[in-house]
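Worksheet for the structure shown next.
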Amino acid sequence: MMKAAVFTHIGQIEIEDIQKPVPKSDELLIHLKACAICTWEQRVYQGVNKVELPFIGGHEMAGIIEEIGPEVDTCKWHLGDRVVIGLLNSCGKCHYCLNGQQGACENFDHSKFVGGLPIRGMGGFSEYLAVSPNNVFKIKGDISFEIASLTEPLSCVVHSVERGEVNFGSDVVVIGAGIMGMLHLLLLKRKSARVIVSEPDDERRKLAVQLGADEVIDPLKEDPVEKVRLLTDGRGAEAVFITTPLSRIATQSIYMSGKLGKIIIYSSYHPDVPVEFSPNLIHKKMISITGTANSNISDFEKSIRLLSYKQIDPSIFISGVYELAECKKALTEAIKPENFRVIMRI
Ligand SMILES: [Zn+2]
Ligand SMILES: [Zn+2]
């Protein structure tokens, strides 16, 4: 048997003893060491994301190989290897998966059974998972499991920034300075962009400047569209990344964009309030609007390298670390708006 933190009802998470997974002959048994609590799990806990309960959350996970199935390539995988797990919700077989777009998987399902667990869910809030090596990525340096658990969120931002096709020296706006906005900022600075961050919270704006933001805008005190135009000699930005789930900001971003600009809608919307926009403006300015969600195997590989080789240091975003037994406290802390990421140590 093993311990898992299980969502049992809305607003309830309990430690339960459940059957420990047994790896199949082509699987690895991973002893999880850390799992970060994503906004997705916070929404499950709050009843915003509807899932069939009971449910085991957690998809930002890192651990250690504890058992190797007899058919697994032992030249590549060794007992004690430190790893992260990813993309358990993609099928690996559909049109998109086979074209390297696992994040767009046709059978993407948060609520399937994964990792040999007897309860549905993403599985990270448990002690062990049995998974295919295809879902396992090696940590390459001495970074902590807590840092490594941020591979998944960083991989989603890698995917987003690549969809933005940002060039050296581009004027880029990031709307929102939560952890996702901040990770955009860090990656965009690595791309030598000039990054303008729009964020109403004073502390977060200060932190954005510390982390390399070239300009910051307080959208409560100044008109962000006017400010972006002013900062870009009237042109508007070459790319606008939206990490704030407010529909009106999606409209605003169209006016922030310059000619040939790209708008990348990173956040999801709850509620999903439709907005109006001027098709003529899109036409005349030749603006591209695109969404981004999830990530692919290639993004995971890039993300674990960025973290392992310390090209990106997200340690400032770890707002708290709690033991699995303290899962209630961990969820409560994770939901507090002033916190970035809270991690469960397993
Ligand atoms: Zn996540
Ligand atoms: Zn698929």
Taking only C-alpha positions in segment 26-166, Rg and Dmax in angstrom work out to 15.1, 45
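Given Cβ point charges of +1 (Lys, Arg) and -1 (Asp, Glu) and nothing else, what value in debye, to the nearest 20, does the dipole of the chain about its Cα centre take?
It works out to roughly 700 debye.
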When ranked by the protection proxy of mean other Cβ atoms within 10 Å per residue, highest first, what sequence do the peptides 225-234, 35-44 form?
35-44, 225-234
Residue-ordered couplings for segment 277-288, obtained by feeding phi - 60° into the Karplus form 6.51 cos²θ - 1.76 cosθ + 1.60 and rounding to whole Hz (Gly and Pro as x), are 8, 8, x, 5, 5, 4, 4, 5, 8, 6, 7, 9
Percent relative contact order of the chain, based on C-alpha pairs within less than 8 angstrom and at least six residues apart?
19
Can you give the direction-averaged projected area of the convex hull of the alpha-carbon atoms in the chain, in nm²?
17.2
Provide the three semi-axes, in whole Å and in decreasing order, of the ellipsoid equivalent to segment 157-291 as defined by the square roots of 5 times the Cα gyration tensor eigenvalues.
20, 17, 15
Expressed as a whole number of Å, what is the distance separating the alpha-carbon centroids of segment 13-74 and segment 103-148?
6
In the chain, if the dipole is taken from +1 on Lys/Arg beta carbons and -1 on Asp/Glu beta carbons about the Cα centre, which of H78, V197, C97 is farthest to the positive end?
V197
Filtered GluC sites (Glu not before Pro), segment 108-168: DSSP coil and at most 16 other beta carbons within 10 Å
E165
GNM flexibility winner over the chain from T292, T243, T332 (Cα, springs under 10 Å):
T332
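Every number in this text was worked out from the coordinates using simple rules, so none of it is lab data. The model shown is predicted, which means the values in this text are computed figures rather than measured ones. Every residue, glycine as well, gets a Cβ built from its backbone with ideal geometry; the counts of neighbours run over all protein chains shown.
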